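S.K.: Provided herewith is a single structure, encoded as structure tokens, for subsequent inquiry.
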Amino acid sequence: MSERTLVLVKPDGVRRGLIGEVISRIETKGYTIERLKMMEASRQLLTEHYEEHEGKPFFEPLVDFMASGPIVAMVVEGDGAILGFRTLAGATDPTTAAPGSIRGDLGRDWGTVAQQNVVHGSDSSLSAEREIGLWFQD
Ligand code: RTP
Ligand code: MG
């Protein structure tokens with residue numbers, strides 16, 4: 001079934017010049033990029049985006065990290081794209097994410113300044129709808 005998911009190239013990915021690599025993996029998989037923009041996210045947007053994590057110990061460092069530079073936001077479309085992109089991204093912790101995944105191949109710096117793992121992908125159709133609405137309000 002065709003699905004849409006929100007993908008972010010996080011500030012570490014943008015800083016390290018990995019935008020093209022992430023887009024290339026999405027396109028090579030056969031997904032379509034429907035919307036794409038580069039932006040600096042406000043703390044308000046990031047707090048809403050990560051509302052499920054509010055109050056957790058990593059929440060403030062996570063928002064600091066996500067506000068530390070430009071982000072590339074995309075709406076990615078394809079059959080099973082929500083779980084499919086999560087699989088392309090790999091496990092949250094890049095030190096144990098499988099080789100072959102974006103985080104496994106490209107992620108690093110887990111547990112230093114903040115949790116820097118290159119990309120975000122929506123984790124369910126409910127999250128995808130909510131997050132696309134937040135990042136692409138127009
Ligand atoms: P994301 O939402 O960014 O796609 O990542 P995810 O679903 O794989 O992981 P999630 O549990 O939603 O966590 C969101 C982001 O918070 C940072 N994090 N740090 N224990 C920790 O220190 C910890 N846990 C999560 C990561 O940047 C993670 O991507
Ligand atoms: Mg998540």
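S.K.: Could you please report the charge total around Glu40, scoring K, R as +1 and D, E as -1 over all other residues with beta-carbon less than 15 angstrom from its beta-carbon?
M.R.: Once positives and negatives cancel, what remains is +2.
S.K.: Relative contact order of the chain, please, whole-number percent, based on alpha carbon pairs below 8 angstrom and at least 6 residues apart.
M.R.: Result for the chain is 37 percent.
S.K.: Can you put Lys29, Lys56 in order of accessible area, largest first, using a 1.4 Å probe?
M.R.: Ranked from most to least accessible, the order is Lys29, Lys56.
S.K.: Just to confirm, what accessible area per residue do you get for the chain at 1.4 Å probe, in whole Å²?
M.R.: 49 Å²
S.K.: Run the accessible area of the chain with a 1.4 Å probe and give the carbon-and-sulfur part as a rounded percent.
M.R.: Answer for the chain is 51 percent, counting heavy atoms of protein chains only.
S.K.: If you put +1 on each Lys and Arg Cβ and -1 on each Asp and Glu Cβ, how big is the dipole of the chain around its Cα centre, in Debye rounded to 20?
M.R.: In debye, rounded to 20, the chain gives about 380.
S.K.: Tally Lys and Arg at +1 and Asp and Glu at -1 over the other residues with C-beta under 14 Å from the C-beta of Tyr50: what net charge comes out?
M.R.: -4
S.K.: Calculate how large, on average over all directions, the projected area of the Cα convex hull of the range 78-138 is; give the answer in nm² to one decimal.
M.R.: The Cα convex hull of the range 78-138, projected and averaged over all directions, gives 5.0 nm².
S.K.: What number does the chain give for Rg over Rh if you use C-alpha atoms and the Kirkwood radius?
M.R.: For the chain, the value is 0.93.
S.K.: Still on this structure, I have one more. Radius of gyration and Dmax for the range 4-58's Cα atoms, expressed in Å?
M.R.: When restricted to the Cα atoms of the range 4-58, Rg and Dmax are 13.5, 38 Å.
S.K.: Among the lysines, select those whose C-alpha is under 25 Å from the C-alpha of Lys37, and discard any that sit fewer than 8 residues away in the same chain.
M.R.: Counting by Cα, and skipping residues close in sequence, Lys37 has these lysines nearby: Lys10, Lys29.
The values are calculated or read from the model by the stated rules, or taken from the named source; none is laboratory data. Since the structure is predicted, the reported quantities are computational estimates derived from the model, not experimental observations. Neighbour counts run over all protein chains shown; Cβ positions are idealised from the backbone, glycine included. Please note that ligands, DNA and RNA were not included when accessible areas were found on the heavy atoms of the full protein model with its side chains. Shrake-Rupley method; radii C 1.70, N 1.55, O 1.52, S 1.80 Å.
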